[in-house]
1. Please work out which one of (1) of a type in the set (A, V, I, L, M, F, W, C); (2) part of a helix (DSSP H, G or I); (3) touching a residue at least 40 places away in the same chain (Cβ under 8 Å) is the condition residue 138 fails and give its number.
2. Looking at (1) more than 16 Å from residue 8 (Cβ to Cβ); (2) in contact (Cβ under 8 Å) with a residue 24 or more places away in the chain; (3) of a type in the set (A, V, I, L, M, F, W, C); (4) touching a strand residue (DSSP E or B) at 6+ places or on another chain (Cβ under 8 Å), which is the only condition residue 84 fails?
3. Restricting to the range 142-163, count the residues that are hydroxyl-bearing (Ser, Thr, Tyr) and part of a strand (DSSP E or B).
4. For the range 8-40, which residues satisfy the criterion of being surrounded by fewer than 13 Cβ atoms within 10 Å (Cβ to Cβ), of a type outside the set (D, E, K, R) and touching a residue at least 60 places away in the same chain (Cβ under 8 Å)?
5. Tell me which residues, restricted to the range 76-107, are within 20 Å of residue 30 (Cα to Cα) and either surrounded by fewer than 18 Cβ atoms within 10 Å (Cβ to Cβ) or of a type in the set (Lys, Arg) (or both).
6. Does the range 112-133 include one or more residues that are of a type outside the set (S, T, N, Q) and either modelled with pLDDT under 95 or within 17 Å of residue 25 (Cα to Cα) (or both)?
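The values are calculated or read from the model by the stated rules, or taken from the named source; none is laboratory data. What you are looking at is a predicted structure, and each value in this text was computed from that prediction instead of being measured. Cβ placement follows ideal geometry from the backbone for every residue including glycine, while neighbour counts extend to all protein chains displayed.
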Amino acid sequence: MEIDAAAPSGYVVRRATREDLREVIRLNRENLPENYSEEFFEEVLESNPETFLVAEEGGRGGGKRLAGYIMCRVEIGFPLVGRAPLVKKGHVISIAVAPEHRRKGVGMALMVEGMNALRSRGCSEVYLEVRVGNAPAISLYRKLGFRVSRRIPGYYRDGEDAFVMARSL
């Protein structure tokens, strides 16, 4: 079952390119307390190009700054949803939307397109970690059908717990 949610008017969601990485890393560092190395972003883009997406205001090119990104990868592991022995599942590693683009549907569009890309790669479920205090993100994930699977105490560097949230694809 494919989820449908078009990018909001004035935005395009597309695959990330190597040329986007500088802006993606900027978005990550400016909007999230947990940051990854440049090499990590490069490795995920190289190994999972179909599931590493960006949202751009006004469409491709033109030197505009990116509005947001979602970085996902395909993994094999024990299911968080269902009872199969091992499954192909999608992991939403990181998602960020610049403050001036929030509450416009950009995060929803990135999540929907990311989940559709994971499904097209053969994933039967998707999961992510989210700070227990990040109510706006948790609300978005619940709207998309995610449920809390478990809580990980002290998951983040500052000691905050994380919820693992998952849903079937």
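1. Residue 138 satisfies all of (1) of a type in the set (A, V, I, L, M, F, W, C); (2) part of a helix (DSSP H, G or I); (3) touching a residue at least 40 places away in the same chain (Cβ under 8 Å) except (3).
2. Checking residue 84 against (1) more than 16 Å from residue 8 (Cβ to Cβ); (2) in contact (Cβ under 8 Å) with a residue 24 or more places away in the chain; (3) of a type in the set (A, V, I, L, M, F, W, C); (4) touching a strand residue (DSSP E or B) at 6+ places or on another chain (Cβ under 8 Å), the one that fails is (4).
3. Within the range 142-163, the subset hydroxyl-bearing (Ser, Thr, Tyr) is 149, 155-156.
Filter once more, keeping what is part of a strand (DSSP E or B): 149.
The total comes to 1.
4. 33
5. Listed by number, the residues that qualify are 99, 100, 102, 103, 104.
6. Residues of the range 112-133 of a type outside the set (S, T, N, Q): 112-115, 117-119, 121-123, 125-133.
Next cut, either modelled with pLDDT under 95 or within 17 Å of residue 25 (Cα to Cα) (or both) only: none.
No - not one qualifying residue is present in the range 112-133.
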